Amino acid sequence: MSSIDFLIRNCEWFTDVPEKGIDTLIKSARLKHFNHSKYLYRLAQESEFVYGVVSGFVRIKISSIQGQEFSITEFSTNEWLGEFSLTNQPIEMFEAQVLENSSVIEIPKRVVQSVAEQFPIIYKNLFLFQASRTLKMSELLGGMLFYPLGARLAGRILWFAHHYGKDVEEGVLINKKMSQQELAELTMGSRQRINKALKEWERDGILNMQGQQYLIKDISALKAKTLLNNDE
């Protein structure tokens, strides 16, 4: 089974779609390769595709007209994005940037819309998917609004550990490069304050910085940093 077949057949958007619809989606899909920092779509563009990540990472960001950016989340292997394109509206707030060299499946939105008209189960699947994503977004916004920077930073690092962590003898190694500027964008903090917090945690034996990778040595202590009453 090709990577395109596998990704489409295992996408929760297309659960219970008959073989005829799945075959149409597979035939219309194209595998594309993107270099680091390229964009799938930019702010206020009307995207023509939905996307499935075969390898690498895609980061979703909110940007302002003043050039401020806040990174919301990342998508990696077997994850899908771009469902907003199906509404035929410009993407007013979000943009999607490729991290590292990545391979992504593109399916024209017109094909997905056509298959969904034949098999409305796709709309039900998308509704349930979007409801789950909205809950996660609400949790994220709550953390940004009510938790201090140290708690937000610890939560983000733990998220990366959950998705990209690898158990090693010394602890959990996050098998992904992350600059301090990226962590600042992910936590709505400054790079200087992120650097200060990381160095404090390094002195306390909670984690080690290895270039742009992080080794969590005491995951319980890092989880404790996510509590609301922790200082920044």
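Bear in mind these aren't lab numbers, they're just calculated from the coordinates by the rules spelled out. All values reported here derive from a predicted model rather than from experimental measurement. Here the Cβ positions follow ideal geometry from the backbone for every residue, glycine too, while neighbour counts run over all protein chains shown.
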If R0 is 30 Å, what FRET efficiency do you get for residue 220 and residue 77 from their C-beta distance, rounded to 0.05? 0.60
Among 105-117, 1-13, 47-59, the order from most to least packed when residues are scored by Cβ within 10 Å on average: 47-59, 105-117, 1-13
Using Cα positions and a limit of under 27 Å, work out the lysines in reach of residue 27, with same-chain residues fewer than 8 apart set aside. 38, 109, 124
Using 19 Å as the cut-off for backbone N distance, which residues of the stretch 173-201 belong to the label zone defined by a point 7 Å from the Cα of residue 36 along Cα→Cβ? 174-186
0 to 90° range, to nearest 10: angle between helix 121-146 axis and the chain longest Cα axis: 20 degrees
Specify which residue in the list 24, 8, 47 is farthest towards the positive end of the charge dipole of the stretch 1-54, using unit charges on the beta carbon of Lys, Arg (+1) and Asp, Glu (-1), about the Cα centre. 47
Can you give the three extents of the C-alpha atoms in the stretch 89-232 along their principal axes, from longest to shortest, in whole Å? 59, 33, 25
Subtract the Cα-Cα distance of residue 110 and residue 16 from 0.36 nm times their separation in residues, and report this length gain in nm to one decimal. 31.8 nm
Which residue, 36, 60, 153, has the largest displacement toward the positive end of the dipole of the chain when charges sit on each Cβ (Lys, Arg +1; Asp, Glu -1)? 36
Give or take rounding to whole Å, what are the principal axis extents of the alpha carbon atoms in the stretch 148-224, in descending order? 32, 22, 20
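Quick one: 102, 220, 76, 190, fewest Cβ neighbours within 10 Å first, how do they rank?
Least to most surrounded, the residues fall as 220, 190, 76, 102.
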Can you list the GluC sites (Glu not before Pro) in the stretch 134-221 that are in a DSSP coil and have 15 or fewer other beta carbons within 10 angstrom? 169, 170
Compute the FRET efficiency between residue 141 and residue 27 as 1/(1 + (r/R0)^6), taking r as their Cβ-Cβ distance and R0 = 41 Å, and round to the nearest 0.05. 0.55
What dipole magnitude, in Debye to the nearest 20, does the chain give about its Cα centre under +1 on Lys/Arg Cβ and -1 on Asp/Glu Cβ? 280 debye
With a cut-off of 8 Å between alpha carbons and a minimum separation of six or more residues, what is the relative contact order of the chain in percent? 20 percent
Past 20 Å, Cα to Cα: identify those pairs from 166/196; 177/199; 61/217; 196/217; 166/217, in the order given. 166/196; 61/217
